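For reference, the structure discussed in these notes is given below.
The values are calculated or read from the model by the stated rules, or taken from the named source; none is laboratory data. Since this is a predicted model, take the numbers as computed values, not measurements. Here the Cβ positions follow ideal geometry from the backbone for every residue, glycine too, while neighbour counts run over all protein chains shown. Surface areas here come from the heavy atoms of the whole protein model, side chains and all, with no ligands, DNA or RNA. Shrake-Rupley method; radii C 1.70, N 1.55, O 1.52, S 1.80 Å.
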Amino acid sequence: MGHSSDFDPAEAARLALEHSHQEGALLPILHALQGRFGWIAPEAVAWVAERLNLSRAEVHGVVSFYHDFRDHPAGRQVIKVCQAEACQARGARHVTAQLEERLGVKLGQTAPDRSLTLEPVYCLGLCGNGPAALVDGRPYADLSGRGLARCLKGVGR
Amino acid sequence: MKVYVSGDAAAVALGADEVAAQITAALRPRSITVVRPGSRGYLPAEPLVEVETPTGRVAYGPIFEEDVPSLLPVLLEAGPHPRRLGRLEEHPFFVGQRRLTFARVGIIDPRSWSDYRDHGGLEGLTRARALAPSEIIARINNSGLRGRGGAGFPAGLKWKTAAEAPGARKFIVCNADEGDSGTFADRMLMEGDPFLLIEGMVIAALAVGATRGYIYLRSEYPLAIATITTALATARSEGLLSASFDIELRIGAGAYVCGEETALLESIEGKRGVVRAKPPLPAHQGLFGCPTVVNNVLTLAAVPHILASGPEVYAGFGMGRSRGTMPIQLAGNLRHTGLYEVPFGLTLGQLVDEVGGGSLSGRPIRAVQVGGPLGAYFPRALFDTPFDYEAFTAKKGLIGHGGVVAFDDTVDLAAQARFAMEFCAVESCGKCTPCRIGSTRGVEVIDRIRGDQDRAANLVVLKDLCETLRFGSLCALGGFVPYPVESALQHFPEDFQRAPQAAGPGHLPGRSQR
Ligand SMILES: Cc1cc2nc3c(=O)[nH]c(=O)nc-3n(C[C@H](O)[C@H](O)[C@H](O)COP(=O)(O)O)c2cc1C
Ligand code: FES
């Protein structure tokens, strides 16, 4: 997350080595590649397909099935804000509108300067302290109270 | 002397790391250890700080960064402070609880193997090692333990089926996908007492003759992932895990349907998380075609206690066919949110009004959704329903994984019904038509009802659609989405007779359908 750069087969091979002993290693490898390159580029799909002896269509099918995997780069920071029921009951909808306004991006979009992506997520297990969000994997809660300022600080705003 | 600053994700999300850093820096010259346990489970008090005293731990909370300067001068003497809560064992949120599974969570250092052993860890496994596999299974059977992931299937019966299935390789798969909104018990357990889960899986492996285990943990839980990763390494170096039974951690990728056990197995195999038709049962042909036990985190974590204390102790709690305790999760618009482990049988009203303390917003509670996004919305008229699998089924609801989400009177149940249908559409694995197409139709029909287009006729269409989903879906995603929709229709019909309310939660933006 956060840092997207060009796909590098040598680097990919190094990352995949760690998963060579695993049965059904496609998801762990995709996680590793996305963690390093920020998204799963078409070259990455082709590379993984060859390495795991799968068709490109199969790898693409997996990438497109899972919400986590990106087929285009995200912003340098990724903010996932919870839209699920327990957070709804604690004001998630209003908080989402506030975040959209403060960050200048709509939910589900990346800022034109690629500085950040604002995405929905469905439950972070912080349902007793919501509304909640993850900023590059760091949790934030109480976004309708004191948490909003902390969260925005975490985003550097 | 020790000071404890909660290290649970909920506490960290409120600034506990900064609080711990400040306290650590201040106390370093006095060689006082700052421990980062899991959460005690009373969430309004997070970030929670506790100090060890001769008469037990004294708690302060919530303690935010700006409270630390006023706390430090009194902390070591457990002196007065506006946020002093005293001993949590005497706090109203704790006195009614009966913690069997969560006994150590919030108490021990989740990274410390010696803490685990000193607090009764491994007692269950020691007992299990002295038993034949069939005797372990008999104990689980006699405890009455049912699967805590939602379906409530008897755990002992599942283990017996897998134990008797022929196979050179067998697997124990822990379902830690915890996708239901309003639930966080798996996360709290993994962050607060990870060795308990590992011990439960090792006992399950002994019982069924499994050669390998997997924990499938959702990507939305980065702190739990870190804690489990460390705990697995420690368990290996301490010999709890070995070549004869090791556990691999697999991370989900944001698909709700991968909590369904067969979709989960497909996902571990590296495929799209598409639900398999049953039979065959996973216990016969599961992961990589081998006999596999899939159990929820809480099911597996209940096992060590059952072995250590005896099945009759566990079975001695509860009501009807719901035996033992349930770690209930109180969430949403409640004053006292948190993890409340009690024997089955408290009424929904007791949980929401007494334990939960009513709404956080101060407005009347109008609806409570129990059991996640596929659970029914209950009105106040059903608050006398006891927390029990069968009692909830009888009222056309479910307890699922034990999440209780309260809404005040600003909720629009037509909007909630729409949300349920859209969630189903977005998260459907796409294999069966009712779930894939029916849920999308459901959204459109609800939009028409709310927009007053042929309202009466479309209400009939919606009811028919629910029937189709219930009986025609391959798994409980499509099969159970009628619960929230029909309960909204039945108990809150007035919300379907008016235009959308501005405050109601809207559509699912930015997440495309498969
Ligand atoms: C759409 C869907 C999502 C599910 N999500 C979960 C989940 O996140 N965690 C879980 O333990 N069970 C989940 N289940 C239930 C599992 O299919 C399965 O019943 C459970 O893992 C069995 O373990 P148990 O018997 O210990 O409960 C889900 C079921 C469905 C239909
Ligand atoms: S519903 Fe938002 S964190 Fe659970």
What are the extents of the Cα atoms of segment B:320-386 along their three principal axes, listed from largest to smallest and rounded to whole Å?
35, 21, 21
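On the protein heavy atoms, probe 1.4 angstrom, tell me the percent of accessible surface of segment B:2-95 carried by carbon and sulfur.
Details: 2020 of 3650 Å².
The C+S portion of the solvent-accessible surface of segment B:2-95 is 55 percent.
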Rg [Å, one decimal], Dmax [Å, integer] - chain A, C-alpha atoms:
17.3, 51
For B:D454, what accessible area in Å² do you get when you roll a 1.4 Å probe over the heavy atoms of the protein chains, rounding to the nearest 10?
120
Solvent-accessible area of B:K463 with every protein chain in place, 1.4 Å probe, in Å² to the nearest 10
110
Using the Cα gyration tensor of segment B:113-315, with a ≥ b ≥ c the square roots of its eigenvalues, what is the shape: rounded (a/c below 1.5), prolate (a/b larger than b/c) or oblate (neither)?
rounded
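If you take the Cα Rg of segment B:2-95 and divide it by 2.2 N^0.38 Å, with N the number of residues, what do you get? Before the final figure, lay out each step's value.
Working: Rg = 11.9 Å, N = 94, 2.2 N^0.38 = 12.4 Å.
Working it through for segment B:2-95, the quotient is 0.96.
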Using modelled amide H (1.01 Å from N, peptide plane; none on Pro or chain starts), what sits under 5 Å from the amide H of B:I365, excluding residues fewer than 5 places away?
B:S359
Please identify the GluC sites (Glu not before Pro) of segment A:1-85 that satisfy two criteria: DSSP loop assignment and at most 15 other Cβ atoms within 10 Å. Which are they?
A:E18, A:E23
Using Cβ-Cβ distances only, list the Cys residues of the protein assembly as shown with no partner cysteine under 4.7 Å, sorted by number.
A:C123, A:C127, A:C151, B:C174, B:C258, B:C290, B:C424, B:C429, B:C432, B:C435, B:C466, B:C475
Per principal axis, largest first, the Cα atoms of chain B extend in Å by 74, 59, 41
Relative to a virtual label point 7 Å from the Cα of B:R117 in the Cα→beta-carbon direction, which members of segment B:164-206 show backbone nitrogen distances below 16 Å?
B:195-196, B:199
Accessible surface, 1.4 Å probe, highest first, among residues B:W159, B:W113
B:W113, B:W159
State, as an integer percentage, the relative contact order of chain B based on alpha-carbon contacts under 8 Å between residues 6 or more apart.
13
How far apart, in nm, are the 7 Å Cα→Cβ label points at A:D71 and B:F471?
3.7
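Can you give me the convex hull volume of the Cα atoms of segment B:440-484, divided per residue and expressed in Å³?
On the way: hull volume 2.7 nm³, N = 45.
Normalising the Cα hull of segment B:440-484 by residue number yields 60 Å³.
How big is the Kirkwood radius of segment B:43-160, worked out from every pair of different alpha carbons and given in Å to one decimal?
Working: mean 1/r = 0.0567 Å⁻¹.
Taking the inverse mean of 1/r over all distinct Cα pairs, segment B:43-160 comes out at 17.6 Å.
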Could you pull the accessible area for B:M319 with a 1.4 Å probe, rounded to 10 Å²?
60
At a Förster radius of 35 Å, what calculated FRET efficiency corresponds to the Cβ-Cβ distance of B:L157 and B:D246, to the nearest 0.05?
0.85
Accessible-area order for B:L465, A:L27, largest to smallest, probe 1.4 angstrom, reads B:L465, A:L27
Under-5 Å amide H pairs with B:E341, H placed in peptide plane, nonlocal only
B:R98, B:I328
Expressed in nanometres to one decimal, the distance between label points 7 Å along Cα→Cβ at B:T55 and B:R30 is 1.9
What does the charge count near A:R14 come to, summing +1 for each Lys or Arg and -1 for each Asp or Glu among other residues with Cβ under 14 Å from its Cβ?
-1
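Students sometimes get this wrong: rank A:H72, A:H31 by accessible area, probe 1.4 Å, all chains present, largest first. Please list the in-between numbers first.
Numbers: A:H72 115, A:H31 50 Å².
If we order A:H72, A:H31 from most to least accessible, we get A:H72, A:H31.
With an 8 Å Cα cut-off and a minimum separation of 6 or more residues, compute the relative contact order for segment B:318-408 in percent. Can you show the working numbers first?
On the way: 200 pairs, mean separation 31.5, N = 91.
Relative contact order here is 35 percent.
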Collect residues whose amide H, placed 1.01 Å from N in the peptide plane, falls under 5 Å from the amide H of A:D142; neighbours closer than 5 in sequence don't count.
A:G130
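State, as an integer percentage, the relative contact order of segment B:2-95 based on alpha-carbon contacts under 8 Å between residues 6 or more apart.
Values: 156 pairs, mean separation 27.2, N = 94.
Computed value for segment B:2-95: 29 percent relative contact order.
At the nearest 100 Å², what buried accessible area, both sides summed, do you get for B and A when the probe is 1.4 Å? The partial results should precede the final answer.
Working: alone 19520 and 8890 Å², together 24020 Å².
Using a 1.4 Å probe, the pair buries roughly 4400 Å².
Heavy-atom accessible area per residue, chain B, 1.4 Å probe: how many Å²? All intermediate terms of the calculation are to be shown ahead of the outcome.
Numbers: 17490 Å² over 514 residues.
In whole numbers, chain B has 34 Å² accessible per residue.
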Restricting things to alpha carbons, tell me how big the protein assembly as shown is in terms of Rg and Dmax, in Å.
24.0, 75
To the nearest 10 degrees, how steep is helix A:92-103 against the longest Cα principal axis of chain A, on a 0 to 90 scale?
80
Inter-label distance, nm, simple model (7 Å from Cα along the C-beta direction), A:S55/B:E238:
4.8
What FRET efficiency comes out for A:E101 versus B:E90 if R0 is 41 angstrom and r is the Cβ-Cβ distance? Round to the nearest 0.05.
0.35
Quick one: Karplus J couplings for segment A:58-72, per residue in order, coefficients 6.51, -1.76, 1.60, θ = phi - 60°, nearest Hz, x for Gly and Pro?
5, 5, 4, x, 6, 4, 6, 5, 8, 4, 5, 7, 9, 9, 8
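Where the convex hull is taken over the Cα atoms of segment A:15-105, what is its projected area averaged over directions, in nm²?
Details: hull surface 30.0 nm².
In nm², the orientation-averaged hull projection of segment A:15-105 is 7.5.
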